[in-house]
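The values are calculated or read from the model by the stated rules, or taken from the named source; none is laboratory data. Source: prediction; values computed, not measured. FYI the Cβ positions are ideal-geometry reconstructions off the backbone, even for glycines, and counts take in every protein chain you see.
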Amino acid sequence: MLYSSASLHRHFSLMAPKPQLIRRLAESTMQGTGKKPRSITTASASPSSSMKDSFSRYAEYLNQFNDKRERVVKASRDITINSKKVIFQVHRISKNNKDEVLEKAEKDLSAVRDQHIARLVNELQGTDFWKLRRAYSPGVQEYVEAATLCKFCTSGTLLNLDEINSMLLPLSDASLEPLQINILDYILGLADLTGELMRLAIGRISDGELEYAERICRFVREIYRELTLVAPKMDDTSDMKTKMDTMLQSVMKIENACFSVHVRGSEYIPLIGTDDTSYASLGVSGFD
């Protein structure tokens, strides 16, 4: 039997499966096997999200670190300025106002510690404060210089590192690691102290206190001798070599001033700083 083309097309179209039927058969087969249709996902989606979160945390840490560094620099600058004021106050000392000047200097030094050092301690306690040492080191060195100068003028002794750090402990929270001045900043501040003692000695000589100047000379010479044993073992990148050269010059200036007075001015030293001009009859004037 022969079929026409139209009847053949209708015949095969009835036999061909419908698309809807194929979809239903596939779904029923998956349900029967317990499998769900797969969803297309990219393998890099999860690692990328994790990396973004990590960089966000790093950025937040760096922002907080930089903000803290700026606050520490500001506190260090304030410590430097106010410690210099304490040093200037000490240099106002004379035979007639020693107790008054030193009392004012001690009071100003306590204000530096309770106000400006306390800010620094508050920023750095409980953290790895060595990371920001370069930011606060100049202020700490200036504070060490002022504190040791006041101690020497008051008692004639050296304020050691343990005593300085013990003064800082009340400023810290007992539950956190306290900020402590390290040995390097202490030594660098001690090296600067000799320059201030040289100026103080020259001032005492001009005021007729030769014995006081000689005591300063022995003290500075002892500091220099001890630091010459320490300086070679220090890091070459530190400022210690330059400070040692300056310290030697300070020692020599004090020694030369005391020597000149002993050799050429012993006749009129008791009269320096007074209104008595009788020393002019000795045929000498000043230290020339």
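The figures follow:
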| quantity | calculated |
| --- | --- |
| Selection status of Leu193, in contact with a helix residue (DSSP H, G or I) (Cβ under 7 Å, 6 or more places away or on another chain) and outside any helix (DSSP H, G or I) | no |
| Ala59 being closer than 30 Å to Gly203 by Cα and either hydrophobic (A, V, I, L, M, F, W, C) or without any contact (Cβ under 8 Å) to a residue 60 or more places away in the chain (or both) | no |
| Selection count where residues are surrounded by fewer than 20 Cβ atoms within 10 Å (Cβ to Cβ) and farther than 18 Å from Met240 by Cβ, scope region 169-198 | 11 |
| Any hit, region 158-172, residues being modelled with pLDDT of 90 or more and over 22 Å from Phe129 (Cβ atoms) | yes |
| Only listed residue being modelled with pLDDT under 90, within 12 Å of Ala201 (Cβ to Cβ) and not in a loop (DSSP other than H, G, I, E, B), chosen from Val261, Val230 | Val261 |
| Helices (runs of 4 or more DSSP H) contained entirely in region 90-168, each with at least 2 residues that are in contact (Cβ under 8 Å) with a residue 12 or more places away in the chain and of a type in the set (S, T, N, Q) | 133-155 |
